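Here is the structure we will look at, set down as structure tokens.
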Amino acid sequence: MSANRRSGRPLPRAFYDRDTLAVARDLLGTLLVCRSAEGVAAGVIVETEAYIGETDPACHAASGLTRRNAPLYGDPGLAYVYFTYGMHCLLNAVAERRGFPAAVLVRALEPVEGEALMRRRRGRPSLPAHELCRGPGNLARALGITLADNGTDLTRAPARGPGLWIEDRGIEITDVAWSPRIGIRVGLDRAWRCFATGSRSVSGRRTG
DNA sequence: CGTTCGATGCACT
DNA sequence: GTGCATCGAACGT
């Protein structure tokens, strides 16, 4: 990955209003930022997964609209956060046009800001930086993302106060691979996981 | 290195 | 009552 260029520029809604696989690919290298009363925690996205439509058996919309998956049917650029396994919150960015249920799961970050805060939240003081946000449950915990963030507009960066958004920092990730998605029992025929091959923060296997 | 397994709570059927 | 888009500890090789 290359050096920084810009800062403070949230990705516009048009970025998310596209084919979900393109969104999953292009989110690599962008910066996920979470600001709370405790401070700012942020990292470069290095691993994503696409969940696309009611015909994707692994997508939460596979059985149609429910109260839980309603955000998937909403505007692109919104956050879809859900609770699973009794203890983890997972963050998605809603993609494609309103009414078509699709999203990109953010699975791993390389920490850029707030490592001390991340360590405190993870409760593991000696964790190396590249493990702080490895895995979707871990990164949500490290950034302080909860169900309260469900439905947040990721295209808006408040000037102050709490906020959750994704920025373009001009980082280019060129070495990318695709693999089947992790942790699901259906839809394994689709290679819809996208990750930076060179990053130690990527969960699971680092080869496609 | 690898695999297995328990924790834990909620939406959905 | 069932099944998780997970994690980390425990154990086997």
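The values are calculated or read from the model by the stated rules, or taken from the named source; none is laboratory data. Fair warning: this is a prediction, and the values are worked out from it, not measured in the lab. A quick note on method: Cβ atoms are made from the backbone with ideal geometry, for glycine too, and the neighbour counts reach across all protein chains shown.
Brief remarks follow.
- Close pairs (9 angstrom Cβ cut-off, 6 or more residues apart or separate chains): under 16 Å from A:Arg156 (Cβ atoms) and among the charged types (D, E, K, R) in the stretch A:73-93, more than 7 Å from DNA strand C (Cβ to nearest atom) and assigned to a strand (DSSP E or B) anywhere: A:Asp75/A:Val94; A:Asp75/A:Asp153
- Scan of the stretch A:28-58 for residues that are crowded, with 23+ Cβ neighbours inside 10 Å and within 16 Å of DNA strand B (Cβ to nearest atom), ordered by number: A:Tyr51
- Residues in the stretch A:97-129 that are within 13 Å of DNA strand C (Cβ to nearest atom) and in contact with a strand residue (DSSP E or B) (Cβ under 7 Å, 6 or more places away or on another chain): 9 in all.
- Single match in A:Gly114, A:Gly77, A:Gly86 (criterion: at pLDDT 95 or above, in contact with a Leu (Cβ under 9 Å, 6 or more places away or on another chain) and within 26 Å of A:Ala58 (Cβ to Cβ)): A:Gly77
- Candidate set: the stretch A:92-112, residues that are part of a strand (DSSP E or B) and within 16 Å of DNA strand B (Cβ to nearest atom); chosen: the one surrounded by the fewest Cβ atoms within 10 Å (Cβ to Cβ): A:Asn92
- For the stretch A:151-172, residues that are under 19 Å from A:Asp26 (Cα atoms) and touching a helix residue (DSSP H, G or I) at 6+ places or on another chain (Cβ under 9 Å) total 6.
- Only listed residue being under 15 Å from the mean Cα position of the chain (by Cα), at pLDDT 95 or above and within 13 Å of DNA strand C (Cβ to nearest atom), chosen from A:Ala22, A:Ala58, A:Ala50: A:Ala50
- Test for A:Gly137: is it at pLDDT 95 or above, within 12 Å of DNA strand C (Cβ to nearest atom) and not in a loop (DSSP other than H, G, I, E, B): yes
- There is no residue in the stretch A:75-83 that is under 23 Å from A:Pro180 (Cα atoms), assigned to a helix (DSSP H, G or I), within 16 Å of DNA strand B (Cβ to nearest atom) and within 18 Å of the chain's Cα centre (by Cα).
- The number of residues in the stretch A:45-85 that are small (Gly, Ala, Ser) and within 16 Å of A:Arg98 (Cα to Cα) comes to 7.
- Pairs where the first residue, in the stretch A:38-60, is on the phi > 0 side of the Ramachandran plot and the second is within 11 Å of DNA strand C (Cβ to nearest atom) and in a strand (DSSP E or B), C-beta under 8 Å, 6+ apart: A:Gly53/A:Ala102
- Residues (in contact with a helix residue (DSSP H, G or I) (Cβ under 6 Å, 6 or more places away or on another chain) and within 16 Å of DNA strand B (Cβ to nearest atom)) located in the stretch A:113-126: A:Arg122
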